[in-house]
1. Taking the range 100-143 on its own, how many of its residues are more than 22 Å from the chain's Cα centre (by Cα) and either farther than 30 Å from residue 221 by Cβ or surrounded by fewer than 18 Cβ atoms within 10 Å (Cβ to Cβ) (or both)?
2. May I ask you to list the residues in the range 175-217 that are in contact with a helix residue (DSSP H, G or I) (Cβ under 9 Å, 6 or more places away or on another chain) and under 19 Å from residue 355 (Cβ atoms)?
3. Just one of the numbered conditions (1) under 28 Å from residue 356 (Cα atoms); (2) at pLDDT below 95; (3) surrounded by fewer than 21 Cβ atoms within 10 Å (Cβ to Cβ) is not true of residue 172; which one?
4. Looking at the range 205-213, can you tell me whether even one residue there is within 19 Å of the chain's Cα centre (by Cα) and surrounded by fewer than 18 Cβ atoms within 10 Å (Cβ to Cβ)?
5. Name the single residue, out of those in the range 345-372 being under 22 Å from the mean Cα position of the chain (by Cα) and either modelled with pLDDT under 95 or not assigned by TED's automatic domain parsing to the domain that holds residue 271 (or both), that is farthest from residue 163 (Cα to Cα).
6. Quick check on my filter: what residues within the range 153-164 are surrounded by fewer than 13 Cβ atoms within 10 Å (Cβ to Cβ) and in contact (Cβ under 8 Å) with a residue 60 or more places away in the chain?
7. Can you name the residue in the range 19-48 that is part of a helix (DSSP H, G or I) and either in contact (Cβ under 8 Å) with a residue 60 or more places away in the chain or touching a helix residue (DSSP H, G or I) at 6+ places or on another chain (Cβ under 9 Å) (or both) and is also surrounded by the most Cβ atoms within 10 Å (Cβ to Cβ) among such residues?
8. Name the one entry in 272, 174, 183 that is out of contact with any strand residue (DSSP E or B) (no Cβ under 8 Å at 6 or more places or on another chain) and in contact (Cβ under 8 Å) with a residue 40 or more places away in the chain.
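The values are calculated or read from the model by the stated rules, or taken from the named source; none is laboratory data. Everything numeric here is computed off the predicted structure, so don't read it as measured data. When we count neighbours, we look across all protein chains shown, and the Cβ atoms used for this are built from the backbone with ideal geometry, even at glycine.
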């Protein structure tokens with residue numbers, strides 16, 4: 001429902017109060033005791049009290065003369081007019097019922113020189129059908145999906161979908177675009193392809209989707225490059241009825257990097273997620289703690305200040321799953337749950353973006369000191 005005017009908002013006043021007092025809206029799930037984030041949209045206790053008091057007093061309209069100037073909302077793309085748009089050549093038909101295998105689509109960029117990306121946005125034509133969309137950068141010479149057609153959607157076995165290619169963007173509910181400040185950008189090398197990984201879910205009505213990717217080029221040569229990394233665990237078995245099953249993955253950072261964002265991903269049994277780092281003295285620090293993961297609002301938590309992580313620092317991501325009947329989103333609390341692509345299966349992925357010198361690409365970043 002739109003909240004662009006008093007007349008549109010007033011009928012929802014009590015529902016707004018209920019959601020705001022319960023800290024369900026605006027959607028923000030980071031524990032305030034850990035970390036500070038540039039995109040923190042949570043309300044202060046005084047703001048919550050103000051909204052509740054407004055509703056308790058009958059939700060009056062106020063004086064028109066005191067109203068601020070009307071806010072101008074973005075029309076079309078949130079990133080402004082893109083410099084380039086990559087679009088699915090044909091719409092994909094999503095059935096009313098049943099499971100849909102992940103769909104892949106390879107879109108050549110035809111870039112004849114390296115291009116630096118300042119902003120990127122993924123726009124679906126049917127948000128109800130798109131669970132997520134991942135945009136990969138497949139560099140020239142990559143063997144990943146090399147035998148698959150260009151410009152046509154296709155599905156592959158789950159093992160064939162794995163790749164070490166860098167990410168340009170991950171679209172989820174609540175995360176539709178990304179941008180970086182001047183001097184920092186993401187590189188698409190000359191001759192690269194964009195590969196869309198589309199996860200569609202049936203919504204009870206047969207619909208079509210034709211997703212687009214818009215990009216804005218950097219206006220100057222950046223000094224730093226953004227790399228999208230991830231640590232994940234795909235070897236877990238969640239017992240039936242378990243209300244707090246723990247899954248973890250750990251590793252060490254190969255080189256120094258500035259951490260700029262954290263993006264946890266789970267499915268319907270996701271309950272909580274933690275990003276932890278261990279310092280040289282053994283001290284464990286919590287970078288992000290989510291106690292109430294919400295599958296409907298998967299957010300990218302952008303650090304207010306970039307955090308230097310030294311090479312060799314141990315990273316540990318921990319996920320908690322609720323496979324009990326108390327989880328109202330649980331497809332089947334009697335099921336034993338393993339890793340899988342569909343929403344009734346589970347995933348445990350901790351994405352994170354880092355900033356490095358612009359001369360480094362992803363393979364070079366993973367060359368550890370002393371390693372040929």
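1. The qualifying residues number 10.
2. none
3. (3) is the only condition that residue 172 fails.
4. Checking the range 205-213: at least one residue is within 19 Å of the chain's Cα centre (by Cα) and surrounded by fewer than 18 Cβ atoms within 10 Å (Cβ to Cβ).
5. The residue in question is 361.
6. Passing the criteria: only 164.
7. Looking at the filtered set, the residue picked out is 20.
8. Result of the check over 272, 174, 183: 174.
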